[in-house]
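Each value in this text was obtained by applying a stated rule to the coordinates, not by laboratory testing. Not measured: the values here are computed from a predicted model. Here the Cβ positions follow ideal geometry from the backbone for every residue, glycine too, while neighbour counts run over all protein chains shown.
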Amino acid sequence: MKFFSRWVLWVALSALGLQLFFLARIATLAVVNPESTTFERSEAWRLLTQKDRLRWSQRWVPYARISDTLKRAVIASEDADFVNHEGVDWEALEKAWEKNAQAEAAAAHRSALARAARAARGAPTPKIVGGSTITQQLAKNLLLSGERTLLRKGQEFVLTLMLEAFLSKQRILEIYLNHVEWGEGIFGAEAAAQHYYRKSAAQLSAWEAARLAVMLPRPKYFEKLPQSAYLSHRAEIILGRMPAVELP
């Protein structure tokens, strides 16, 4: 019993120490620009071990040197209520759960033969909708691994609250736009603008910004399909929403 109590205490102290470490890291982000994220480092390692050469592009630019069109496009596409929520958009999360439940229910009604045939053809499975806010995405990419467990999701929630408590919305968006993935080895708004349009992030037009924003959920996929009909159609929708977006 004594050993068990000591073990529980050790686990509790370790968990507390980890949270204090995360808290200190996040507090420094108010004044220090992060050089890389956990996700970027894992991608760099993957590319180094799987590719003949490392193609990498990421350069920090301050908030003022990222076009307002891109800021509006990303918020319109990824997190429409960004400036108002406190890190978690519960309404969007509820809708995501409903869509996922409907997709799973539809899949469950298909026969085993149909599922096997679909898998053999390589057809897509029902899309799972995330509902994560920009702050949640930043928390995950900045400090966490890519595993999908309840424990990691819980840690993401705690980090999200920390980010919202210590950083302004403008700072959160600035860090996010400088480190989000926009293709294989392409990270941040400046690298994306240079790679896709041969111009700086400050010079992006509304249409170019909308297309970049639509790429974010699947950047590697859309990098290979720049003429995708879905990409153009979705960009038109985002373009229409951008004027109503409030910037931090």
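Points worth noting:
- Environment charge at Arg65 (Cβ cut-off 13 Å; Lys +1, Arg +1, Asp -1, Glu -1): 0
- The modelled label-to-label distance for the pair Ser57/Ala30, using points 7 Å beyond Cα in the direction of Cβ, is 3.6 nm.
- Spin-label pair Ala12/Leu247, simplified geometry with 7 Å Cα→Cβ offset, distance in nm: 4.9 nm
- Length gained when the stretch Gln203-Ile237 is fully extended (0.36 nm per residue, less Cα-Cα span): 10.1 nm
- The 3J(HN,Hα) values that the Karplus relation (6.51, -1.76, 1.60; θ = phi - 60°) gives for region 204-212 are, in residue order, 5, 7, 4, 5, 5, 5, 4, 5, 5 Hz. Gly and Pro appear as x.
- Note, ³J(HN,Hα) from phi for region 41-47, Karplus 6.51, -1.76, 1.60, rounded to Hz, x at Gly and Pro: 5, 5, 5, 4, 5, 4, 5
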